[in-house]
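The values are calculated or read from the model by the stated rules, or taken from the named source; none is laboratory data. The shown structure was predicted, so the numbers you read here are calculated from the model rather than taken from an experiment. When we count neighbours, we look across all protein chains shown, and the Cβ atoms used for this are built from the backbone with ideal geometry, even at glycine. Ligands, DNA and RNA are stripped out before the accessible areas are found, and what is left, the full protein with its side chains, is counted by its heavy atoms. Shrake-Rupley method; radii C 1.70, N 1.55, O 1.52, S 1.80 Å.
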Amino acid sequence: MSSPSLSRAALTEDWQNGGFGLYIHWPFCEAKCPYCDFNSHVSRAIDHRAWRNAYLTELERAAAETRGRVLNAVFFGGGTPSLMDPDTVADIITAIKGHWPTANDLEITLEANPGSVEAGRFTAFGQAGVNRVSMGIQALNDRDLRRLGRLHTVEEALTAFDIARNQFDRVSFDLIYARQDQTLEDWRKELKQALSLAVDHLSLYQLTIESGTAFGDRYARGKLRGLPDEDLGADLYALTQDLCGENGMPAYEVSNHARDGAQSRHNLIYWRYGDYVGIGPGAHGRLTLAGSKWATECHLQPGRWLSGVGKGTSEKPRALLTNTDQATEYLLMGLRLKEGIDLKRYAAIAGAPVDPGALDHLIDIGMVEHSDERINVTDQGFIVLNSVLEALLPD
């Protein structure tokens, strides 16, 4: 048990401005999507008992380092966590609640693909303790679903979505736009349909072509045609902001939209630069221990991670984050949010204020707003967010 002096010291640690979360990575999918650069793998045989035991072992290890912290959110990500055995999810959630005190409104999210087999598991996941589902629908027409390598049809997606919203109070789904041959009017119709379905949260991502993916290889060979030019991409983004705002789902982050109070609490921990434990192959974390902030990263390959759990070597060596590292990360994450960042908090982390010359210039040209000791990026600034961030980053 920690001493009173240590408990008082912990109350002043910076991570508490963002909260404390837990991310659990399930690395398996039924198929690898051509645009995906996440750590996901296709495997014919999965030893669910071995994976259950490994997660429980890692939870115990993480809890020993962070005992007494109030847990605000849990996120099962992937991969496709809806392929997990619901009993495994139940055992993990039971263990989590035994290891940490939890917030009264603890959010437990599970990512799901809308195949019919997974939809049938929603009741079991709800009984296990999951109270929020994030569905990877990605498109609302079958041609584009096939192009994106998705295995479900629109009909299957809508059926699964109906089951999900009858089972869970909080349901989000993802769509990808700026797809091949997609016009502004195409996206307007699709987004209007999405907004008519949405429960409380939408994640709307512009298609990005990442190196190392099937799309990246195809693009490099000149075989990925019909992608929008820069002007159309900006128009698609602007239309997204306008339609979502008009329908009570304003953006609270670059790609995320929610009704009032329905923001993803887990993702807010990232963007508000809290602490979070990452468990599972390739999972990242940020942990403040004894006054120092550490970046953690688990080994990427599922077999390497699984065998490492029993040896206590599931993680790569941790990296100590300097004040400059932390200030950079707070800026990069926090300015993705509409609420922006607290300048006093930034100065406390960095040991110096944001560059006043760079800040004044961005304010003058309408890229950034400043009020009540906070700065936030404007709608105009979000279109060129990387340039805004580059101007403000510490040397």
Exercise for review: Would you mind getting the Kirkwood hydrodynamic radius of the stretch 20-174 from its Cα pairs, rounded to one decimal in Å?
Suggested key: 16.2 Å
Check your understanding: Efficiency by 1/(1 + (r/R0)^6): what FRET value for Asp87 and Asp231, r their Cβ-Cβ distance, R0 = 45 Å, to the nearest 0.05?
Key -> 0.30
Exercise for review: Over all alpha-carbon pairs of the stretch 278-340, lay out the pair-distance distribution in 5 Å bins, whole %, shortest bin first.
Suggested key: 4, 17, 20, 18, 16, 12, 8, 3, 1
Practice item. Amide H neighbours of Ile137 under 5 Å, at least 5 residues apart or on other chains, H built in the peptide plane: list them. Key: Asp174
Check your understanding: With the calculation restricted to Cα positions, what are the radius of gyration and Dmax of the stretch 84-149 in angstrom?
Key -> 14.8, 47
Review point. With each run of n ≥ 4 DSSP H residues scored as -39500 (n - 2.57), what mean residue ellipticity at 222 nm is computed for the chain after dividing by its residue count and rounding to the nearest 500 deg cm²/dmol?
Key: -12500 deg cm²/dmol
Point to revise | Between the stretch 112-166 and the stretch 373-387, the alpha-carbon center distance in angstrom | key: 33 Å
Check your understanding: If you project the alpha carbons of the stretch 260-395 onto their three principal axes, what span does each projection cover, largest first, in Å?
Key -> 56, 33, 25
Exercise for review: Based on the mean of other Cβ atoms within 10 Å per residue, sort peptides 250-259, 72-81, 99-108 so the most packed one is first.
Suggested key: 72-81, 250-259, 99-108
Review point. Most mobile of Gly21, Gly381, Gly274 per a Gaussian network model of the chain (Cα springs, under 10 Å)?
Key: Gly381
Exercise for review: Go through Glu339, Glu369, Glu155 and list them by solvent-accessible area, largest first, probe radius 1.4 Å.
Suggested key: Glu155, Glu369, Glu339
Study note, to complete from the structure: Env charge @ Pro250, Cβ radius under 11 Å, K,R +1 / D,E -1, value -3
Revision key, fill the gap. Counting Lys and Arg as +1 and Asp and Glu as -1 over every other residue whose Cβ sits under 15 Å from the Cβ of Tyr346, the net charge comes to -3
Practice item. Report, by chain and number, residues whose modeled amide H sits under 5 Å from the one on Arg170, excluding near sequence neighbours (fewer than 5 apart, same chain). Key: Val133
Practice item. Enter the Cα centre distance for the pair the stretch 57-81 and the stretch 294-333, rounded to the nearest angstrom. Key: 14 Å
Study note, to complete from the structure: Bridge orientation stat for the chain from DSSP, antiparallel percent rounded to 5, came to 40 percent
Check your understanding: How much solvent-accessible surface does Asp169 expose, in Å² to the nearest 10, with a 1.4 Å probe and all protein chains in place?
Key -> 140 Å²
Revision key, fill the gap. Residue by residue through the stretch 77-87, the couplings from Karplus 6.51 cos²θ - 1.76 cosθ + 1.60 with θ = phi - 60°, in Hz, x for Gly and Pro, are x, x, x, 10, x, 5, 8, 5, 5, x, 5
**Study point:** Net charge dipole size for the stretch 59-137 [Lys, Arg +1 and Asp, Glu -1 on Cβ; Debye, nearest 20]
**Key:** 180 debye
Check your understanding: ³J(HN,Hα) across the stretch 134-139 via Karplus (A = 6.51, B = -1.76, C = 1.60, θ = phi - 60°), whole Hz, x for Gly/Pro?
Key -> 10, 9, x, 7, 6, 7
Check your understanding: Of all accessible surface on the stretch 17-114 at a 1.4 Å probe, what whole percent is carbon and sulfur?
Key -> 46 percent
Point to revise | Amide hydrogen neighbours beyond the local backbone of Ala283, cut-off 5 Å, H modeled | key: Cys298
Point to revise | Note, ³J(HN,Hα) from phi for the stretch 54-61, Karplus 6.51, -1.76, 1.60, rounded to Hz, x at Gly and Pro | key: 5, 4, 5, 5, 5, 4, 5, 5
